[in-house]
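Here's the structure we're looking at; comments come further down.
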Amino acid sequence: MPFEKINQKKLSQEVVRQIESLILRGILRPGERLPAERELSERLGVSRPSLREALADLQERGLLISKVGAGVFVADVLGSAFSEALITLFSQHDEAVFDYISFRRDMEGLAAERAAKIGTDTDLKVIDTIFHKMVDAHPKRNATDEARLDADFHLAIIEASHNVIMLHMMRSMYQLLREGVFYNRQVMFKQRTTRSELLDQHKAINDALQARDPIAAREAVSNHLDYVQKALEDARKAERNEAIAQKRFDHEQRK
């Protein structure tokens with residue numbers, strides 16, 4: 001866990017500031033459990049009473065939550081950017097799906113460009129590590145694992161852009177995607193041709209980032225999401241065609 005020794009007079013306030021910063025920068029994530037009190041106090045170099053005071057402050061402000069018998073966790077600080085009624089509306093209309101992809105194309109393209117320019121070498125190592133996990137997962141054909149790694153890959157690019165507003169906003173958007181509000185990512189990974197195309201596209205994104213080529217990185221993200229949109233449009237068309245064909249078949253059966 002990424003904690004540093006505290007060397008300030010008001011120890012509890014410095015603990016608060018460090019944990020706040022880790023949450024703000026997305027290093028400590030919603031639902032993540034903090035180390036046990038003894039271990040955390042040792043890592044921070046503060047007394048347990050100072051640590052308790054800091055944790056109580058953070059809990060009072062809604063950044064941490066305590067679960068009896070389980071420990072202290074980062075609260076769901078993301079929440080949702082949208083009301084339940086609007087989320088339901090999104091899920092029922094294709095227009096929202098394609099606008100969502102367009103929004104991601106703009107935001108992730110910008111994030112990839114920034115990551116190529118200002119991302120640290122370690123940022124790029126994280127992205128490269130996730131990509132190679134995607135390569136390793138490809139022959140196993142587990143749609144759930146591939147969808148999870150896909151989300152992790154894109155979020156790592158957002159993190160490497162070092163814009164905390166974009167980070168938290170896009171995390172909220174990805175959560176809706178994980179919940180299947182916009183489309184089911186796992187369905188795409190079940191198709192052999194689509195899976196191979198997606199892996200190649202992620203390779204192009206990763207290659208551009210590792211080469212620190214911001215223009216190529218942005219273009220690779222744009223090409224990838226254009227492909228996703230086209231695949232979804234084709235899937236929607238196939239569903240409509242199948243529905244019509246089924247009606248024809250039912251009609252013939254009744255003759």
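Observations on the model:
- Residue match in the range 69-85 (condition: assigned to a helix (DSSP H, G or I) and closer than 30 Å to Q229 by Cα): yes
- Restricting the range 34-66 to residues that are within 29 Å of the chain's Cα centre (by Cα) and part of a loop (DSSP other than H, G, I, E, B) leaves a set whose member that is farthest from S161 (Cα to Cα) is A36.
- Subset of the range 10-51 [touching a strand residue (DSSP E or B) at 6+ places or on another chain (Cβ under 8 Å), under 16 Å from D76 (Cα atoms) and of a type in the set (A, V, I, L, M, F, W, C)]: I19, I23, L28, L34
- When the test is whether a residue is charged (D, E, K, R) and more than 15 Å from the chain's Cα centre (by Cα), D106 passes it.
- Residues in the range 97-113 that are touching a helix residue (DSSP H, G or I) at 6+ places or on another chain (Cβ under 7 Å) and either open to solvent by 20 Å² or more (accessible area, probe 1.4 Å) or aromatic (F, W, Y) (or both): F98, R105, M107, E113.
- Per the listing D136, D76, the residue uniquely more than 16 Å from the chain's Cα centre (by Cα), open to solvent by 50 Å² or more (accessible area, probe 1.4 Å) and more than 25 Å from R236 (Cβ to Cβ) is D136.
- Among the candidates H138, H162, residue that is touching a residue at least 40 places away in the same chain (Cβ under 8 Å) and outside any helix (DSSP H, G or I): H162
- Close pairs (8 angstrom Cβ cut-off, 6 or more residues apart or separate chains): under 18 Å from N184 (Cα atoms) in the range 83-94, part of a helix (DSSP H, G or I) and not hydrophobic (A, V, I, L, M, F, W, C) anywhere: F90/Y100; D94/R236
- Hey, V46 out of contact with any His (no Cβ under 9 Å at 6 or more places or on another chain), of a type outside the set (S, T, Y) and surrounded by 15 or more Cβ atoms within 10 Å (Cβ to Cβ) or not: yes
- When G31 is tested against the conditions (1) more than 23 Å from the chain's Cα centre (by Cα); (2) open to solvent by less than 70 Å² (accessible area, probe 1.4 Å), the lone failure is (1).
- Subset of the range 190-229 that is over 20 Å from the mean Cα position of the chain (by Cα) and basic (K, R) - its residue that is nearest to D152 (Cα to Cα): K190
- Counted residues, the range 206-255 - those being among the hydroxyl-bearing types (S, T, Y) and in contact with a Phe, Trp or Tyr (Cβ under 7 Å, 6 or more places away or on another chain): 0
- Which listed residue is of a type outside the set (D, E), surrounded by fewer than 19 Cβ atoms within 10 Å (Cβ to Cβ) and modelled with pLDDT of 90 or more, from T144, T122: T122
The values are calculated or read from the model by the stated rules, or taken from the named source; none is laboratory data. Everything numeric here is computed off the predicted structure, so don't read it as measured data. Because the Cβ atoms are built from the backbone with ideal geometry, glycine has one as well, and the counts that use them run over all protein chains shown. Areas reflect the complete protein model, heavy atoms only, side chains present, ligands, DNA and RNA absent. Shrake-Rupley method; radii C 1.70, N 1.55, O 1.52, S 1.80 Å.
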